[in-house]
Structures are given as C-alpha cells and as structure tokens.
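A short worksheet on the structure shown next.
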Amino acid sequence: MRNIDWTKVKALVTSFVKNHQDQVLEVIGKAAQTILIVILSLIVIKFGTIAIKKFFDKQREFKYKLDAKRTDTLATLCISILRYSVYFIALITILDNVFGITPTTIITAAGVGGLAIGFGAQNLVKDVITGFFILLEDQFSVGDMITIDGMMGTVEEMGLRITKIRNYTGDLYIIPNSEIKKVTNHTRGDKAAIVDVSVAYEENMDLVINVLNKVCETAAKELTSIVEGPTVLGVVNLGDSGVVIRVFAKTIAGAHWEVERQLRKRIKDAFDREGIEIPYNRLVVINKKD
C-alpha cells in the first residue's frame, strides 16, 4: 500500500475551501442552525414535561381535584401533545430557515401529494382518533390493569398514537390505539374472589363447612381489602376424588388475587389443625395373588 502524501491532501483541501468558501460557510451555517433548533426543541420538551408533571402533581392538592389515575392519564397525554407539537414546529422551522422551504410551499406540496399522504397517514389518523375516544369515554386510565387481545398488564402511558402496558413479568406492550378493539378493565368496581376447596368424600361436610365459616369470619375482620363476605356458598361439584366447596368474597379493585391467596393459606392451615383431608392423586397397585 502506497504512503499517503498528506501535504498534497492538505493543499487540495485548502484549495477546495478557498475556491468554494461561500458554499462551505453556507453549509456550516445551515448545519449549525439545524443543531441549534434540535437542541432548543429537546430543551423545550424536557422543561415542558417537568412543568406539566408539576402542574398535575399540584392539582392533587386542590379542593376539587380529579381522580389520581385520571390526572396521570391527562399528564401523559399532555406530554405526548407537547412532544409532537415541538417536533412539528422544529421541522417547519428547519425547512423554512435552513433550506428555504416556506410553509406555503409545504402546504402546496401537501395539496399536490395529499392523496398519497392521506393513504399513508390513514393508520396515524385512526390511532389519534381512537386515542381521543378512549380518553373521552374513560375506557381506562394510567395505573389501571387491563387486558387487550390477550395482553394483560398495567397501563403505563397513554399517548395520542399509542398505549403502553406492562405485564407482571416486566414485558412492555406498545399498542397502536387503532388496534384496541376490546378492552377488559380489571380495576373498575368491586372484584370477586372465588376459592374452590376440595375435601375427601370421607369427611363430614357439616364439620368442613363450620371450619370454613370460622376461617371466613376471621378473614373478614383481618383483611381490609374485603368489601363483602367471605361466604361459604356450599358444595358446587362432586369430583372424581373429592367434594368441591366454594368460598366467595368481594374485594376492592385489583385485590382479589391477594385475597384468594390469603384464603387458600388460611383454609389449608385450618384443615391441618382439624385433621380434614384434602384429596390428592394416588396410585393403587393391586397384586393378583392377593
């Protein structure tokens, strides 16, 4: 490989810059303007986001305040609107000041290519419109646990175009608003906690139900998330290996899983104390000689 003569390279670069000095300065000036506009846009978004969060945090202290989840939803939506607005203004400013493309020219070009842009932006428009109606109808809010097309999680962010939900394993689902067709909201209103308990056929059903009633009475006093019950509904099924008895309770939104876990543990401990057998699968070997 031949050695590079850096002296000649420097001379060529110097000659090019000298002969095209105006063009080089113009390019550097445009690049500097573009970088400055981008930096200012990021600063506006950052401080605007902080201001929006502070405003809605302060709103919680007002006498006539919105629901906390509603407040969080409006905050994320305002941040989304701010972000898109700043991006749009920055783009128009760069095209106008840096490249000399005036807003009038942009509008004219949009009119000429409006049909093509319309087809390309259909999904975007649908996302925004759907997001607006989700907010207007209060289908769900930030902090709600919901299920969308089999994806279950807690709503982390609602934007103009997308909704973000995170499941219990930490996975983040990013869903375009236009694809949200059916939503199951698990945090609106009281929830049912249902525990089915199986006991052996040999057990005394009256004794079993009495033990369950005592467990329910204690749980009703100690578990503050229970709204109604728990109540022993009675025998709901005669299974292959045991009798199934159902316990029912109503809890505050989102607490039914924890209540079910607590009831199962308390029932198991009570059955162990009373010697009540919970059936389990067994393997019986029959010897032909016997």
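Readers should treat all values here as calculations from the given coordinates under stated rules, not as data from a laboratory. Bear in mind the structure is a predicted one, so any value in this text is a computation, not a measurement. Cβ coordinates were reconstructed from backbone atoms using ideal geometry, including for glycine residues, and neighbour counts include every protein chain displayed.
Given a Förster radius of 22 Å and the C-beta distance between M151 and S225 as r, what FRET efficiency does 1/(1 + (r/R0)^6) yield to the nearest 0.05?
Numbers: r = 26 Å, r/R0 = 1.17.
Efficiency at R0 = 22 Å is approximately 0.30.
For V235 and E277, what is the calculated FRET efficiency with R₀ set at 22 Å and r taken between the beta-carbons, to the nearest 0.05?
On the way: r = 16 Å, r/R0 = 0.74.
Between V235 and E277 the formula returns 0.85.
Please state the shape class of segment 191-274: rounded when a/c is under 1.5, otherwise prolate if a/b exceeds b/c and oblate if not, all from the C-alpha gyration tensor.
Judged from the Cα gyration tensor, segment 191-274 comes out prolate (a/c at least 1.5, a/b above b/c).
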Subject >> segment 143-284, relative contact order [Cα under 8 Å, separation at least 6], % >> reply: 23
**OP:** May I ask you to compute the full-extension gain from T184 to W257, defined as 0.36 nm times their residue separation minus their alpha-carbon distance, rounded to one decimal in nm?
**Re:** 24.6 nm
**OP:** State, to one decimal in nm, how far the label point of V27 lies from the label point of Y87, with both points 7 Å from Cα in the Cβ direction.
**Re:** 2.9
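If I take R0 = 45 Å and measure r between the Cβ atoms of A192 and K126 in this structure, what FRET efficiency does the formula 1/(1 + (r/R0)^6) give, to the nearest 0.05? Intermediate results must be reported in sequence, preceding the final value.
Numbers: r = 35 Å, r/R0 = 0.79.
Computed FRET efficiency for A192 and K126 comes out at 0.80.
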**OP:** Return a whole-number percent for the relative contact order of segment 126-185, with Cα pairs under 8 Å and 6 or more residues apart as the contact set.
**Re:** 36
Original post:
When the Kirkwood radius is taken over all Cα pairs of segment 118-250, what Stokes-Einstein diffusion coefficient follows at 4 °C and 1.567 mPa s, in µm²/s?
Top reply: 71
